[in-house]
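Peer 1: Let me give you the structure first, and then I'll get to my questions.
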Amino acid sequence: MSQIKHYIFALLLVVSYTMMAQNSISEDPETVSNSIKHYISQAQNDVNTGNYFSAQKNLEKALDDAVKIDDKRSIGLIHSNIGKLFYLLEDYDKALLSLTKAVEFQRTTNDYANNAETYKTFGNVYMSKRDYNQALEYYTSSKSLFEQVGNSDEYIAEILYYEGKIFNETGKYKQAKQSLEQCLVLGVTDQPNEIDTKATIQLSIAQLNLGNKEEALKLASEGLKEAKQLKLGNATQEVYLALSEIYERVGDQQLSNKYLKQYIKLSDSLFEVKKLLFTKAKSQYLLANKDAIQQQNLADLEEEQQAENSLNQLTTILSIALITILSLLTLSLYKNNNIRLKTNNMLHKKNSELIVAKEKAELASKTKANFLSTVTHELRTPLYAVTGITNMLLDENPKPEQVQHLKSLKFSGEYLLTFINDILQINKIEANKVDLDPEVFNLKKKIENVISALNNSAVDNSIKMHFDFDKNLPEVYNADQLKISQILINLIGNSIKFTKDGDIWIRVYKIDQKDKTYTLRFEVEDNGIGISKEKQENMFESFSQGSIQINRKYGGTGLGLSIVKGLIDILKGKIYLKSELGKGSTFIFEIPLEYSTETVTEKKTDFFKDVDEVELSNIKILVVEDNKINQMITKKILNKMKLNCDLVDNGEAAVDMVKNGNYDVVLMDIHMPGISGMEATTMIRAFDKELTIFALTAVTIEDKMQEFEDAGFTDIISKPFKQEDFEKKLFNALIVNRKNSVR
């Protein structure tokens, strides 16, 4: 009996030790760790098959095991996966809560790789919530951590895709293009993959909005091919929409409608699939929690029964209130309808008035243009005689006592011509008819030439001019030098006019540079009479002067600064004014100029100087001009250039002379008795296509340019013309072109 007791005791000890060993094995960290990995892996499979509830349960089991062995790295990973699961279920608040917990553990354990993945999920959540700034911050953090980890090109490419998509959504298409191109560089593989395909589609959208339609179409076609190959429903949906918009932009409405219909059809299909998946997940959740739901339903039923009586009373009260509200609403709608009818009638009346006002404004504008064209022609024609005869008399050694009178006459003529040109310039600026004419020139020399040309006027007023050009600045640019000269002449001339016994400073320096484009600041400062605060606000308006007294004392039309403002606007610049009455003024303007590496060559001024006299004597020129004084002036100018000419005063005679003579150039006036210069030129072109015919005219060229080209004129010389421009055009026609044709 004693032995039996010993055997039983020994057996109990063995069983006891065996159970303790089993418990010890079950709590072994390595075993638990493997269990955690198994649960996480199973959860991932559940997500891939749409079994979200099972995935949640497996992750909760994994979390329990990780907490048992205090595995902080695994705890962080599991919270991150739970956050991803809630993100897929579109429960963004729970997703953010789990992701925040994940980050706490991942920072503690320096788990940079999984921390980077968590930040990426954060970005996905905020992108779904359309909080794009927050999403971009998390994507940037994720990308930075992946770069630290290394061998993460695939993950970085995915983040770059998300960034590109956000930039497309927010209209930042250049940044989208940059991110998506980087994504495709990092994610290039032998076979198409999901991220590359989606990035290609998003890049096509960016290229489309940047105006690169052909490239957008190419990328969209590639994206569609890859999306179908990979069976990516969402990507195919995106590319259908992109192709629809691309074909709409290129004007192919049929293909645009085709892809739009495919997009709508696929969108409906994807919606049904998504709806089915969510219904399945919800059903699983309800089935797994059947008992809890039943208990909740019983509790809800009791509450409903308690509240039913109160609800019946509330329903009666609400019904009465609703009837009252509907009655008031009906009355309000009736009144609003009457008000709307009255408002519509008033709008129709106002619209009719606006149409009439618009027609009147257009008529006034056309009348103004016709008036300016007529008046300037009638003024330019006698001015041609005034300036021409004055210059001839000054060249013919007048008596000493006559020189001053002739100079005064010349000044008056030039002043009147400047006034006419200023009016035309303002009119062209207001009508947006001023075009840029860029050419390569030396800016420093151009400003020095302007200062030199105005120096005599400065000396007359006892003014000393100072020029400061930044030594570190390039001198050669490709820009419209004529408009820059006009601006400087007006501003410096203005300072000279209002300064006596003082100084003027002209400064040029750089304030910004982007590639070859320099933004330069020009300053014209004087210590003259200055401008009052009240007058400064209107200084850039047409016909604006400081006061009537100033206008009478200093002269001027008041158009210079208005022209300056218009020209600077055309050059895409800005102008500022700083002035104090009695202390002087500073005009500052900033314009962008493109730096050039080309060499600037000096322009020829005396064109016929080196031409042989025998060659000049063989040149035949026909001048067609009905005004006898203008005939004389033009002939004198040509004779001074050692050129001979024949004169006729009407269009019919001009046509006969060209038929019977062998002329090199015809200078044709436009307005003449009988047939006009336009008609005469058209008739000449019927039998002579090669003859050089210049329109020598006082009409406003810009308004008649198309008519001149249609009639067949070679070029146009506007009266009164500059001697240098006149000589240059004749030289090119008579000498340069002739030599080229011989070659």
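Peer 1: Efficiency by 1/(1 + (r/R0)^6): what FRET value for H405 and A357, r their Cβ-Cβ distance, R0 = 51 Å, to the nearest 0.05?
Peer 2: 0.45
Peer 1: Want the number for S617 to Q178: 0.36 nm per residue separation, take away the alpha-carbon distance, what's left?
Peer 2: Full extension from S617 to Q178 adds 151.3 nm.
Peer 1: For a quick protection proxy, order the peptides 662-673, 92-103 by their average other-Cβ count within 10 Å, most packed first.
Peer 2: 662-673, 92-103
Peer 1: A follow-up question, please. When the Cα centres of segment 25-73 and segment 491-536 are compared, how far apart do they sit, in Å?
Peer 2: 77 Å
Peer 1: Moving on to the next point. Of all the C-alpha pairs in segment 613-742, what % are more than 18 Å from each other?
Peer 2: Looking at segment 613-742, the distances longer than 18 Å represent 50 percent of pairs.
Peer 1: Continuing with the same structure: Longer than 25 Å from Cα to Cα, which of K120/K218; K497/K533; K399/K446 are they? Say none if no pair is.
Peer 2: Listed pairs above 25 Å: K120/K218; K399/K446.
Peer 1: Distance in nm between label sites at N337 and D503, each 7 Å beyond Cα in the beta-carbon direction?
Peer 2: Here the modelled spin labels are 8.1 nm apart.
Peer 1: In addition: If r is the Cβ-Cβ distance from T324 to E60 and R0 is 41 Å, what FRET efficiency results, to the nearest 0.05?
Peer 2: Calculated transfer efficiency: 0.15.
Peer 1: Sort 340-347, 161-168 by the packing proxy (mean of other Cβ within 10 Å over each peptide's residues), most packed first.
Peer 2: Details: 340-347: 10.0, 161-168: 24.6.
Put in order of decreasing packing, that is 161-168, 340-347.
Peer 1: Next question. Using the number of other C-beta atoms within 10 angstrom as an exposure proxy, rank K177, K464 with the fewest first.
Peer 2: Placing the least packed residue first, the sequence is K464, K177.
Peer 1: Right, something else. At q = 0.11, 0.15, 0.16 Å⁻¹, what log₁₀ I(q)/I(0) does segment 439-595 have when each alpha carbon counts as one equal point scatterer in the Debye sum?
Peer 2: Computed log10 I(q)/I(0) values: -0.42, -0.78, -0.89.
Peer 1: If R0 is 30 Å, what FRET efficiency do you get for N151 and N212 from their C-beta distance, rounded to 0.05?
Peer 2: Computed FRET efficiency for N151 and N212: 0.35.
Peer 1: Listed highest first by mean packing, meaning other Cβ atoms within 10 Å per residue, what order do 53-64, 246-257 come in?
Peer 2: Put in order of decreasing packing, that is 53-64, 246-257.
Peer 1: Summing +1 for each Lys or Arg and -1 for each Asp or Glu, what net charge is found among the other residues whose Cβ lies under 10 Å from the Cβ of I568?
Peer 2: Numbers: positive: K483, K565, K572, K574; negative: D569, E590.
Value of the local net charge: +2.
Peer 1: For the pair E90 and K640, how long in nm is the line joining their label points, each one 7 Å along Cα→Cβ?
Peer 2: With each label point 7 Å from Cα toward Cβ, the separation is 8.6 nm.
Peer 1: Can you pick out the pairs among K129/K198; K483/K583; K516/K572; K510/K572; K231/K265; K620/K659 whose Cα atoms lie more than 18 Å from each other?
Peer 2: Violating the 18 Å limit, Cα to Cα: K129/K198; K483/K583.
Peer 1: Multiplying the sequence separation of R130 and K578 by 0.36 nm and subtracting their Cα-Cα distance, what value in nm do you get?
Peer 2: This chain segment gains 156.6 nm when fully extended.
Peer 1: Have a look at segment 194-250 and give its Rg and Dmax from the Cα atoms, expressed in angstrom.
Peer 2: Gyration radius and largest Cα-Cα distance of segment 194-250: 10.1, 30 Å.
Peer 1: Would you list M465, M705 from fewest to most Cβ contacts within 10 Å?
Peer 2: If I rank by nearby Cβ atoms, fewest first, I get M705, M465.
Values quoted throughout were computed directly from the atomic coordinates according to the rules given, and no laboratory measurement underlies them. Just so you know, these numbers come straight off a predicted model, no measurement behind them. Positions of Cβ are backbone-derived with ideal geometry, glycine not excepted, and every protein chain shown enters the neighbour counts.
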